[in-house]
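These notes concern the structure reproduced below.
The values are calculated or read from the model by the stated rules, or taken from the named source; none is laboratory data. Worth saying up front: this structure is predicted, and the values here are computed from it rather than measured. Cβ: placed from backbone, ideal geometry, glycine included. Neighbour counts: every protein chain shown. Each accessible area value is taken on the protein alone, full model and side chains, heavy atoms only, with ligands, DNA and RNA left out. Shrake-Rupley method; radii C 1.70, N 1.55, O 1.52, S 1.80 Å.
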Amino acid sequence: WELNRRRIELPHGQKTKLKLSPEREVVIDHSEAGKRSVTAYSNGKLVSRTTRPIGEAMTIIGGERDSNSVWFIVVRRDTPTAGE
């Protein structure tokens with residue numbers, strides 16, 4: 001299920017923090033030249049962080065919700081097509 005979709009424009013050299021739900025936040029950071037850092041938080045606590053070269057590839061990051069399920073955040077540059 002897709003619970004939330006946000007579109008942002010983030011110039012190189014900047015970062016932003018987005019509240020996706022009462023429990024989940026993500027920080028997208030373009031302050032390091034040629035790289036995108038994505039940090040996921042759950043209930044204010046750091047869950048995961050990854051840094052990758054900026055490109056067309058998407059970043060998927062997340063964590064466990066409970067012992068039987070997980071949540072994740074997808075950060076992408078391209079526009080999703082119908083059904084994605």
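Applying the criterion of being at negative phi and among the small types (Gly, Ala, Ser) to the residues of region 1-44, the residue that is farthest from the chain's Cα centre (by Cα) is ALA33. In region 1-30, the residues that are charged (D, E, K, R) reach residues that are open to solvent by 100 Å² or more (accessible area, probe 1.4 Å) and at pLDDT 90 or above with C-beta atoms within less than 8 angstrom, at least six apart or across chains, in these pairs: GLU23/ASN43; GLU25/LYS17; GLU25/LYS19; ASP29/LYS15.
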